[in-house]
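Student: This structure is in structure tokens; I'll ask about it shortly.
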Amino acid sequence: VELDAHLDNEEQGYLGIVSGPIGEIPTSLGFTVGDISVGYFAADTYLEMLKDMPSMLTQIGGWLIILGFPIVGFAGEGFPGFGSTLAQAYEPLGWAEPLGMGVFWIANTLLWIGWLNFYVGLFNCLPAVPLDGGHVFRAYAHSFVAKLTGNEAKANRIASATTAFLSLFILASILFMIFGPYIVHGF
């Protein structure tokens with residue numbers, strides 16, 4: 001392959017890269033070549049966002065945006081798993097070669113089982129009584145209050161009441177997250 005130093009025509013594709021206007025949304029051109037979809041990728045937009053990242057770190061909101069990138073992504077796409085777009089860039093080799101594209105189905109399954117397991121474990125840490133986090137919170141609250149008051153019965157009552165209040169608050173928060181938008185915007 002022999003490469004030229006400059007392109008003669010800016011609108012002409014060069015090694016699979018096509019220049020387009022800044023801010024262009026990635027779209028499909030509507031045809032495929034073999035198993036590969038042909039489309040545009042807004043590299044300029046992503047590059048500008050990456051260049052702006054250091055200035056984001058001066059604010060708390062910037063840190064929240066950066067921490068949310070794996071979930072939300074630059075344009076709200078997040079990481080959808082090993083879909084057809086990502087699978088086009090890789091070819092299964094070695095032990096995965098006989099599986100063909102099925103290896104991406106297996107990878108997706110393991111990815112989402114892992115994410116689900118992580119979030120179930122995280123939910124279990126909430127300091128609400130039926131969950132493990134609630135029992136740990138009650139034990140710590142009881143220990144703390146017992147050291148302050150020296151009375152086991154009083155410490156048990158205060159720890160149980162505090163844990164019950166916190167459990168109800170967490171339950172109300174979860175219900176508000178589910179029904180709050182409908183209350184504000186209507187059903």
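The values are calculated or read from the model by the stated rules, or taken from the named source; none is laboratory data. Owing to the predicted nature of the structure, the values given are computational and were not obtained by experimental measurement. Every residue, glycine among them, receives a Cβ derived from its backbone with ideal geometry; neighbour counts consider all protein chains shown.
Student: Under 7 Å between Cβ atoms, which residue pairs at least 6 apart in sequence (or on different chains) link something in segment 52-74 that is under 22 Å from TRP112 (Cα atoms) and exposed (fewer than 12 other Cβ atoms within 10 Å of the Cβ) with a partner that is at pLDDT below 75 and charged (D, E, K, R)?
Tutor: Close Cβ pairs satisfying both conditions: none exist.
Student: Could you tell me whether any residue of segment 40-47 is modelled with pLDDT of 80 or more, farther than 27 Å from ILE170 by Cβ and not in a helix (DSSP H, G or I)?
Tutor: In the first step, residues of segment 40-47 are kept if they are modelled with pLDDT of 80 or more; the result is none.
Scanning segment 40-47 turns up no residue that is modelled with pLDDT of 80 or more, farther than 27 Å from ILE170 by Cβ and not in a helix (DSSP H, G or I).
Student: Looking only at segment 143-176, count how many residues are of a type outside the set (S, T, N, Q) and under 28 Å from TYR119 (Cα atoms). Working first, answer last.
Tutor: We begin by selecting, within segment 143-176, every residue of a type outside the set (S, T, N, Q); these are 144-148, 150, 152-155, 157-159, 161, 164-166, 168-172, 174-176.
Now narrow it down to the ones that are under 28 Å from TYR119 (Cα atoms): 159, 161, 164-166, 168-172, 174-176.
Residues in segment 143-176 being of a type outside the set (S, T, N, Q) and under 28 Å from TYR119 (Cα atoms): 13 in total.
Student: Among (1) surrounded by fewer than 12 Cβ atoms within 10 Å (Cβ to Cβ); (2) among the hydroxyl-bearing types (Ser, Thr, Tyr); (3) in contact (Cβ under 8 Å) with a residue 24 or more places away in the chain, which single condition is TYR119 missing?
Tutor: It is condition (3) that TYR119 fails.
Student: Do any residues in segment 153-178 that are more than 13 Å from HIS142 (Cβ to Cβ) have Cβ atoms under 6 Å from those of residues that are outside any helix (DSSP H, G or I), where the two are at least six apart or on different chains, and which pairs are they?
Tutor: The qualifying pairs are LEU166/PRO127; SER167/ALA128; SER167/VAL129; ILE170/LEU126; ILE170/ALA128.
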